[in-house]
Amino acid sequence: MGELMVIRHGQTEWSLSGRYAGRTDVPLTGAGEDAARALAPRLARRRPARVFSSPLSRALRTAELAGLTGVVPDPDLLEWDYGGYEGLTAEQIRAARPGWDLWRDGVVPGGAGRPGERLAQVAARTDAVLDRIRPLLDDGDVAVVAHGHLARVLAVRWLGLDASASGLLGHPHPGTLGFLSVEDGQPCVSAWNVP
């Protein structure tokens, strides 16, 4: 059985400054492009049988620079819709909502086109992705190129945990890899935040 390789897109100006970039299509920085290129040798050795990506340009560009081919855009791999918190930092949100925690408190609705999502909605999307990917792992590794919070939800749902446990998993750094596998019949995280 192959492994599920979870790739976080490279650095953007918003990830550098800590701003929540859900559906805003922020491009990679030069450093983000360099990090994506640096993934290419490791991914070339693995040669994933299938590759799926968020349809946002930061993820698709990461896949391209990392040398991945046959990339299939999947809207279920979009980042969390942060609604009214889009573009803000956690510090800005906590200034208005002391003690706020994304995993516990969620987001508030935004303007037109940014309704926001509940954690359960994000988990339902990752569950749909996993349902499609699990059978493909019989043919080898599968890679997904996605976003930080979505990757955490994907990983804990792989483990069979409630999505609220996502806060226990470290935030994947831009341009890093995670490996989800099965060991002795149990799903596990083989590695996380691998540069």
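Laboratory data are not the source of any read-out in this text; all were calculated from the coordinates shown. Remember, it's a predicted structure, so these values are computed and weren't measured experimentally. Neighbour counts are summed over all protein chains in view; Cβ atoms, including those assigned to glycine, are modelled from backbone coordinates with ideal geometry.
The GNM of the chain, with springs linking C-alpha atoms under 10 angstrom apart, assigns the highest mean-square fluctuation among Ala155, Ala35, Ala95 to Ala95. The magnitude of the dipole of the chain, with charges of +1 and -1 set on the Cβ of Lys/Arg and Asp/Glu and taken from the Cα centre, is near 240 debye. Relative to the longest principal axis of the Cα atoms of the chain, helix 148-158 runs at roughly 60 degrees. The relative contact order of the range 57-154, computed from alpha carbon pairs under 8 Å that lie at least 6 residues apart in sequence, is 37 percent. Highest GNM mean-square fluctuation among Gly185, Gly167, Gly84, for the chain modelled with Cα contacts below 10 Å: Gly185. Close amide H contacts of Ser190 (hydrogens built in the peptide plane, cut-off under 5 Å, sequence separation of 5 or more or a different chain): Phe179, Leu180, Ser181. Here the calculated FRET efficiency for Arg23 and Arg104, from their Cβ-Cβ distance with R0 = 30 Å, stands at 0.85, rounded to the nearest 0.05. Taking the average, over residues, of other Cβ atoms within 10 Å as the packing measure, peptides 123-136, 57-70, 102-115 rank 57-70, 123-136, 102-115 from highest down.
Candidate values (1) 12.2; (2) 13.3; (3) 10.1 were compared with mean projected area of the Cα convex hull in nm² computed on the shown model; the agreeing label is (3).
Over the range 1-96, what is the mean sequence separation of C-alpha contacts under 8 Å (at least six apart), divided by residue count, expressed as relative contact order in percent?
This gives 35 percent for the range 1-96.
With a cut-off of 8 Å between alpha carbons and a minimum separation of six or more residues, what is the relative contact order of the range 155-195 in percent? For the range 155-195, the relative contact order is 37 percent. Answer rounded, prolate or oblate for the range 1-47, using the Cα gyration tensor with square roots of eigenvalues a ≥ b ≥ c: rounded when a/c is under 1.5, else prolate when a/b is larger than b/c, else oblate. Note, shape of the range 1-47 comes out oblate. Near Gly22, the amide H atoms lying under 5 Å from its own belong to Tyr82, Gly87; only residues 5 or more places off or on other chains count, and H is placed 1.01 Å from N. With respect to the chain, whose longest principal axis is taken over its alpha-carbon atoms, helix 119-133 is tilted by about 10°. Packing here is the average count of other Cβ atoms within 10 Å per residue, and on that basis the peptides 22-32, 1-11, highest first, run 1-11, 22-32.
What is the local net charge at Gly148, summed over the other residues whose Cβ is closer than 13 Å to its Cβ (Lys, Arg +1; Asp, Glu -1)? Result for the neighbourhood of Gly148: +3. To the nearest ten degrees, helix 30-46 and the longest principal axis of the Cα atoms of the chain are 30 degrees apart.
Taking amide hydrogens as placed 1.01 Å from N in the peptide plane, the amide H of Thr12 sits under 5 Å from those of Thr29, each at least 5 positions away in sequence or on another chain.
Ranking Gly140, Leu180, Trp100 by how far each Cα lies toward the positive end of the dipole of the chain (charges on Cβ) leaves Trp100 at the top.
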